[in-house]
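The values are calculated or read from the model by the stated rules, or taken from the named source; none is laboratory data. Quantities reported herein were computed from a predicted structural model and do not represent experimental measurements. Cβ: placed from backbone, ideal geometry, glycine included. Neighbour counts: every protein chain shown.
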Amino acid sequence: MIARSGLRLVAFAYVGLLLLAPVGLVFYRTFEHGLEPVRQVVSSPDFLHALKLTLELALIAVPLNTVFGVLCALAVVRHRLPGVGIVNALVDLPLALSPIVVGFSLVLLYGPGGWLHGLPIQVLFAFPSMLLATIFVSLPFVVREVVPVLREIGTDQEEAAATLGASAFTTFRRVTLPAIRWAVAYGVVLTTARAIGEYGALAVVSGSIAGRTQTLTTYVDQSYQEFQTVNAYTASVMLATLAMLTLLVMSVLRPKEETR
Amino acid sequence: MLLPLAALAARARSGGWHDFWQAASNPQGTAALKLTLGLACGIVLVNAVMGTLIAWVLVRDDFPGKVVLNAVIDLPFALPTIVAGLTLLTLYGPNSKIHSLAFTRAGVFVALLFVTLPFVVRTVQPVLLELDREMEEAAASLGAGKVAVFRRIVFPNLLPAILSGIALAFARAIGEFGAVVLISGNLPFKTEVASVFIFGQLNADNTNGAAALSLELLALSFAVLLGIGALRRWSTRHDR
């Protein structure tokens, strides 16, 4: 019994000191001089633009990655197409790869001397490259959540639907999709969190120009470097609040997934 | 997705192998890579122990606040890395009462511990949930002590999950940028890790130096993924 509560104490102390103490302190620092400084930051044009850009990137990247993720999971599990094994391995790469390397390889591809340099639209230091970077880093989550569920549910119900005359699309919509919906939802939450929170790859490709290509994460960094700590803390608290909402949604979705 | 990576590989080799080796053997870059690997090895050890311990507490123990602890574990996944870096710098930074960790290797280590915390917990937890307790009870009834039960029964069953968890943590520790960039203070040869070095080279317009180290990181990431794949096949070899 003593050993057990000892272990419990160690777990709490580790998580508390490592995670909760620093995050709590940021909330304290942000509001220690009252709400007025925070209100000023929140209504400043640079902050609003960064917020808008962050949300825009997430709003485009998340649906694209969701559709791609479900299709990719179907391709990997249901159709043994040639090359699927390679796709399956590559999908995980953004999880293991440094975001700096992701951003840098985009710079090499679209920058001076790159293979896709000189496109009619400006890609680097502009919205397109930031979107590409966001899609790249948030790619694996839906696939990774959906693949094990697809494996587990098997093909019996889908085959039954097909023998009853349902088309491939109807089978997907009426049989497969309801079975994987919690996994998709969980993947979407993770994708959104990553898309909103991406920093390294965006720092490389965006150039972080205030009011133009600055997202909330690069805004945090730049404000901090320029000793505008209130701005940095306010944006951090905003992002941390979004992160906590994510956690809340995740813990609501997880039990459903486990008792399925 | 492949095109940018191919561009990276092409660029790193564009000057031939000679230039590549020259860029790759830059002492500052080598020091950064060595530090990164050393820190990542430490991260792996701490996470193997603490991650397993936390997963154990979450699965086998029951206490008020368990739901909260379970949800909080995912915080490093949900929290943007730059915010994680700023929070750590607030606690350990120059304006704080305990500022001994800022701009030191220990500070970078703590930042990496922060972002890698969930990996082992989240790979070990489901396996521990599924683990049949009858085996442990049988061992205990045959006179095995608690330590022996853990060492001979529980640990071997958890080992594949622990290994794949620490592999993910290792990959993350090698590539992490946002959380460490603020707390490292970018001191070359002292606290500069690989990703920070690459970012610095990029800002200094030294594309070749950045490309060489990037390619090394890419190769490491691939190796880790292949390792995890092999591990998965090895651990499910009895299922088929």
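Which residues, counting only those in the stretch A:102-122, are part of a loop (DSSP other than H, G, I, E, B), of a type outside the set (Val, Ile, Thr) and either closer than 18 Å to B:Ala212 by Cβ or more than 7 Å from every other protein chain (Cβ to nearest Cβ) (or both)?
A:Gly111, A:Pro112, A:Gly113, A:Gly114, A:Leu116, A:His117, A:Gly118, A:Leu119, A:Pro120, A:Gln122
Determine whether the stretch A:37-44 contains at least one residue that is assigned by TED's automatic domain parsing to the domain that holds A:Gln222, closer than 30 Å to B:Pro4 by Cβ and under 25 Å from the mean Cα position of the chain (by Cα).
No, the stretch A:37-44 contains no residue that is assigned by TED's automatic domain parsing to the domain that holds A:Gln222, closer than 30 Å to B:Pro4 by Cβ and under 25 Å from the mean Cα position of the chain (by Cα).
Which members of the stretch B:188-240 meet the condition of being closer than 24 Å to B:Val44 by Cα and of a type in the set (Ser, Thr, Tyr)?
B:Thr191, B:Ser195, B:Ser214, B:Ser221, B:Ser235, B:Thr236
Of the conditions (1) in contact with a helix residue (DSSP H, G or I) (Cβ under 8 Å, 6 or more places away or on another chain); (2) within 18 Å of A:Leu97 (Cα to Cα); (3) modelled with pLDDT of 90 or more, B:Phe77 clears all except one; give me its number.
All conditions are met except number (3).
Tell me which residues, restricted to the stretch B:187-221, are more than 17 Å from the chain's Cα centre (by Cα), without any contact (Cβ under 8 Å) to a residue 12 or more places away in the chain and not in a loop (DSSP other than H, G, I, E, B).
Result: B:Leu202, B:Asn203.
Can you find, within the stretch A:1-58, the residue that is farthest from the other protein chains (Cβ to nearest Cβ) among those that are hydroxyl-bearing (Ser, Thr, Tyr) and closer than 30 Å to B:Thr52 by Cα?
Applying the filter and picking the extreme gives A:Ser5.
If A:Ser251 satisfies every condition in (1) among the polar types (S, T, N, Q); (2) touching a residue at least 40 places away in the same chain (Cβ under 8 Å); (3) in a helix (DSSP H, G or I) but one, which is the exception?
So A:Ser251 meets the others, but not (2).
Looking at (1) on the phi < 0 side of the Ramachandran plot; (2) touching a Phe, Trp or Tyr at 6+ places or on another chain (Cβ under 8 Å); (3) more than 9 Å from chain B (Cβ to nearest Cβ), can you tell me which one A:Gly207 breaks?
If we test A:Gly207 against (1) on the phi < 0 side of the Ramachandran plot; (2) touching a Phe, Trp or Tyr at 6+ places or on another chain (Cβ under 8 Å); (3) more than 9 Å from chain B (Cβ to nearest Cβ), just (1) comes out false.
Would it be correct to say that A:Arg8 is closer than 29 Å to B:Val68 by Cβ, among the basic types (Lys, Arg) and surrounded by fewer than 17 Cβ atoms within 10 Å (Cβ to Cβ)?
Considered against the rule, which asks whether it is closer than 29 Å to B:Val68 by Cβ, among the basic types (Lys, Arg) and surrounded by fewer than 17 Cβ atoms within 10 Å (Cβ to Cβ), A:Arg8 comes out as no.
Select from the stretch A:123-180 the residues that are surrounded by fewer than 16 Cβ atoms within 10 Å (Cβ to Cβ), assigned to a loop (DSSP other than H, G, I, E, B) and not β-branched (Val, Ile, Thr) and list them in ascending order.
Listed by number, the residues that qualify are A:Gly154, A:Leu164, A:Gly165, A:Ser167.
Got at least one residue in the stretch A:194-211 being at pLDDT below 85, exposed (fewer than 15 other Cβ atoms within 10 Å of the Cβ) and in contact with a helix residue (DSSP H, G or I) (Cβ under 8 Å, 6 or more places away or on another chain)?
The answer is yes, given that some residue of the stretch A:194-211 is at pLDDT below 85, exposed (fewer than 15 other Cβ atoms within 10 Å of the Cβ) and in contact with a helix residue (DSSP H, G or I) (Cβ under 8 Å, 6 or more places away or on another chain).
Each row is one residue, and each column tells you yes or no for (1) part of a helix (DSSP H, G or I); (2) free of Cβ contacts under 8 Å to residues at least 12 places away in the same chain; (3) touching a strand residue (DSSP E or B) at 6+ places or on another chain (Cβ under 9 Å).
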| site | (1), (2), (3) |
| --- | --- |
| A:Leu9 | yes, yes, no |
| A:Phe12 | yes, yes, no |
| A:Leu18 | yes, yes, no |
| A:Val23 | yes, no, no |
| A:Leu57 | yes, no, no |
| A:Phe68 | yes, no, no |
| A:Leu74 | yes, no, no |
| A:His79 | no, yes, no |
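State whether one or more residues within the stretch A:222-234 are of a type outside the set (A, V, I, L, M), assigned by TED's automatic domain parsing to the domain that holds A:Leu253, under 25 Å from A:Pro63 (Cα atoms) and not in a helix (DSSP H, G or I).
no
It is to be established whether one or more residues within the stretch B:89-96 are more than 23 Å from the chain's Cα centre (by Cα), at the interface with another protein chain (Cβ under 9 Å from one of its Cβ atoms) and farther than 19 Å from A:Ala11 by Cα.
Yes, because at least one residue in the stretch B:89-96 is more than 23 Å from the chain's Cα centre (by Cα), at the interface with another protein chain (Cβ under 9 Å from one of its Cβ atoms) and farther than 19 Å from A:Ala11 by Cα.
Between a first residue in the stretch A:197-212 that is closer than 18 Å to A:Lys52 by Cβ and a second residue that is among the acidic types (Asp, Glu) and at pLDDT 90 or above, which pairs have beta carbons less than 6 Å apart while being 6 or more apart in sequence or on different chains?
Final answer for the pair search is A:Ala210/A:Asp46; A:Gly211/A:Asp46.
Might you check whether a residue that is at pLDDT 90 or above, in a helix (DSSP H, G or I) and more than 12 Å from chain A (Cβ to nearest Cβ) occurs anywhere in the stretch B:142-153?
no
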